[in-house]
1. Residues that are more than 14 Å from the chain's Cα centre (by Cα), at pLDDT below 80 and surrounded by 16 or more Cβ atoms within 10 Å (Cβ to Cβ), at least 1 per element: which strands (runs of 3 or more DSSP E) completely within region 10-118 meet that?
2. Here are some conditions: (1) closer than 23 Å to Pro48 by Cα; (2) hydrophobic (A, V, I, L, M, F, W, C); (3) touching an Asp or Glu at 6+ places or on another chain (Cβ under 8 Å); (4) part of a strand (DSSP E or B). Ala150 meets all but one. Which one does it not meet?
3. Just the residues that are touching a helix residue (DSSP H, G or I) at 6+ places or on another chain (Cβ under 7 Å) and of a type in the set (Val, Ile, Thr), please, taken from region 101-115.
4. Identify, by number, the condition in (1) at pLDDT 90 or above; (2) out of contact with any strand residue (DSSP E or B) (no Cβ under 6 Å at 6 or more places or on another chain); (3) of a type in the set (Gly, Ala, Ser) that Ala143 doesn't meet.
5. In region 142-153, is there at least one residue being closer than 17 Å to Ser47 by Cα, of a type in the set (Lys, Arg) and out of contact with any helix residue (DSSP H, G or I) (no Cβ under 9 Å at 6 or more places or on another chain)?
6. Of all residues in region 138-159 being farther than 16 Å from Ala99 by Cβ and touching a residue at least 40 places away in the same chain (Cβ under 8 Å), which is surrounded by the most Cβ atoms within 10 Å (Cβ to Cβ)?
7. Residue check: is Val176 surrounded by 13 or more Cβ atoms within 10 Å (Cβ to Cβ) and not assigned by TED's automatic domain parsing to the domain that holds Gln28?
8. Quick one: what pairs do we get from region 112-126, first residue without any contact (Cβ under 8 Å) to a residue 60 or more places away in the chain, second among the basic types (Lys, Arg), C-beta under 8 Å, 6+ apart or different chains?
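The values are calculated or read from the model by the stated rules, or taken from the named source; none is laboratory data. Here the structure is a predicted model, which is why all the values come from computation and not from measurement. Backbone-built Cβ (ideal geometry, glycine too); neighbour counts: all protein chains shown.
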Amino acid sequence: MRKNETPRPDAQKIGKFDILRVLGTGAQSVVYLAHDAHLQREVAIKSPHLEGRDETRKQALMDAARTVSNCAISTLCRSSTPARRRPAQDGKKDIFDVALTRGADILISDIRDPKISGHIPEWFGKTVAAETFILFPLVIKNAPVGLIYADKQRAGELVIPENVLSMLRALRNQAVLAIKQSR
């Protein structure tokens, strides 16, 4: 498939995903809109351009992909309207509020850490069995539109080398670009 060619939905697949169209193309990769028939939802799939890359760069891209795929949850949430936030408990902002309002990438190594535990919302402890997680907010024109979230069950398990973290940030930036282009 050529760079700007839009695939026919019935003609292209990446694994179990049916490719619907190209969302965006950049120097490093192409992002597709695809359909997951099993979960009955649309997903974005980033496919890096590996040809012509040196082995070190290819390995860095693969390390980033493995880091995300080894997480218990890896989700991109998208809203067509700005996120509506609940009032903070006891006047404290929870960690999700902080990530979204400041546009800050946040890695929590241990939710039980006394410096952090007061900022973890009550619903999180009741619904998610993870002691460590990372947040990459998706912000367009100072408005939060989504969040990439990945976690591991035990504290300290989510260790991300700097070169892989850089690749994950690039992935987030491409997701933001794809959302902008789809509007």
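1. Details: elements: 17-25, 29-36, 41-48, 73-78, 106-108.
Per the criteria, 17-25, 29-36, 41-48.
2. Of (1) closer than 23 Å to Pro48 by Cα; (2) hydrophobic (A, V, I, L, M, F, W, C); (3) touching an Asp or Glu at 6+ places or on another chain (Cβ under 8 Å); (4) part of a strand (DSSP E or B), only one is false for Ala150: (3).
3. Ile106, Ile108, Ile111
4. With (1) at pLDDT 90 or above; (2) out of contact with any strand residue (DSSP E or B) (no Cβ under 6 Å at 6 or more places or on another chain); (3) of a type in the set (Gly, Ala, Ser) applied to Ala143, the lone miss is (1).
5. No, the conditions are met nowhere in region 142-153.
6. Lys152
7. Working: surrounded by 13 or more Cβ atoms within 10 Å (Cβ to Cβ): yes; not assigned by TED's automatic domain parsing to the domain that holds Gln28: yes.
For Val176, the condition - surrounded by 13 or more Cβ atoms within 10 Å (Cβ to Cβ) and not assigned by TED's automatic domain parsing to the domain that holds Gln28 - is met.
8. Once the first residue is without any contact (Cβ under 8 Å) to a residue 60 or more places away in the chain and sits in region 112-126, its partners that are among the basic types (Lys, Arg) give Gly118/Lys92; His119/Lys92; His119/Lys93.
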